[in-house]
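Worksheet: one structure, shown below.
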């Protein structure tokens, strides 16, 4: 659905009606992100304080400050995926802080990025911002400022800054042969939002409102650091697993039947529901059921953490709510679905 500039003056009927697509399904394809990698590599080469950037790409930038402290910085925003302004602000904020947690950091503060048509009531915009501020507050930080513009299609999100010990940064790279793969949240938010099935939507919204703070704390509590960590968002489980595999120069084997799914996700996939961001991925095994494969590729908004850890860490993470979904073996940087 295209949104014209007439949306600026059209009567307000809800947030979703103003968006062509919502949540992380609106994420640009990887090749667009990769266009920045060359610039990031050049900048990083000139500044030794850049510990993590876009070359190779990770979940957030890490910049050395002093001693045992480095700055983690990330920005994330998207069009509305729900009509309720409290849910929209909460989900956008939970999604934005996720990148800080995926790097092993803690949230310090955030700046809001807000763009809405003039037709959206001021009270709705205020509630989106209030909900986001409450979520950041629950993470130990605060929204200290931001910028607002008028635009045809609404967007909202945060630039989040936090801190991490430079010796304890979690990266996408680092998965090792013999590692176990675990996931902290079930999949299916994109499909369930596209379906708008009233019996399944509350579960999807509840999952997206939940931050990855507790999952990150469980990883920090391990006797040894995880070998690789990333959060699952707009590229789906398979897309983010592929990034981890390529950067680790290892093969990630995912047991499709073991992957946790939100209630209703597989049912709506079987019914033929797909998001606007769904793309067929060449080279994937045809032996996997098409509906289940669609869930594994489903773009997640505020998804969970995908981690690679030693086998000894598995029981502790399972107690914390993680689910074993596969393993790491020697091989080229690719994903295999079993």
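The values are calculated or read from the model by the stated rules, or taken from the named source; none is laboratory data. The structure displayed is predicted, hence computed values, not measured ones. Please note: Cβ atoms are built from the backbone with ideal geometry, for glycine as well, and neighbour counts cover all protein chains shown.
Put simply, of 230, 211, 189 the only residue that is more than 22 Å from residue 139 (Cα to Cα) and at pLDDT 95 or above is 189. Only one entry of 125, 120 meets the criterion of being in contact with a strand residue (DSSP E or B) (Cβ under 9 Å, 6 or more places away or on another chain) and not assigned by TED's automatic domain parsing to the domain that holds residue 256, and that entry is 125. Please verify whether residue 44 is modelled with pLDDT under 60 and touching a strand residue (DSSP E or B) at 6+ places or on another chain (Cβ under 8 Å), treating the condition exactly as stated. So residue 44 fits the description; yes. When the residues of segment 164-196 are filtered to those that are surrounded by fewer than 16 Cβ atoms within 10 Å (Cβ to Cβ) and at negative phi, the one that is farthest from the chain's Cα centre (by Cα) is 177. Filtering 324, 307 for residues that are within 24 Å of residue 213 (Cα to Cα), touching a strand residue (DSSP E or B) at 6+ places or on another chain (Cβ under 8 Å) and buried (at least 20 other Cβ atoms within 10 Å of the Cβ) leaves a single hit, 307. In the set (1) outside the structural domain of residue 130 (by TED's automatic domain parsing); (2) under 30 Å from residue 68 (Cβ atoms); (3) surrounded by fewer than 19 Cβ atoms within 10 Å (Cβ to Cβ), the condition left unmet by residue 199 is number (2).
Assess whether residue 313 counts as being at pLDDT 95 or above, crowded, with 21+ Cβ neighbours inside 10 Å, more than 21 Å from the chain's Cα centre (by Cα) and closer than 25 Å to residue 211 by Cα. Considered against the rule, which asks whether it is at pLDDT 95 or above, crowded, with 21+ Cβ neighbours inside 10 Å, more than 21 Å from the chain's Cα centre (by Cα) and closer than 25 Å to residue 211 by Cα, residue 313 comes out as yes.
Scanning segment 243-255 for residues that are buried (at least 18 other Cβ atoms within 10 Å of the Cβ) and part of a helix (DSSP H, G or I) returns 243, 244, 245, 247, 248. Residue check: residue 146 meets all listed conditions (1) surrounded by fewer than 18 Cβ atoms within 10 Å (Cβ to Cβ); (2) in contact (Cβ under 8 Å) with a residue 60 or more places away in the chain but one, namely (2).
Pick from segment 107-130 the residues that are within 11 Å of residue 154 (Cα to Cα) and not in a helix (DSSP H, G or I): which of them is nearest to the chain's Cα centre (by Cα)? Checked segment 107-130; the qualifying residue nearest to the chain's Cα centre (by Cα) is 113.
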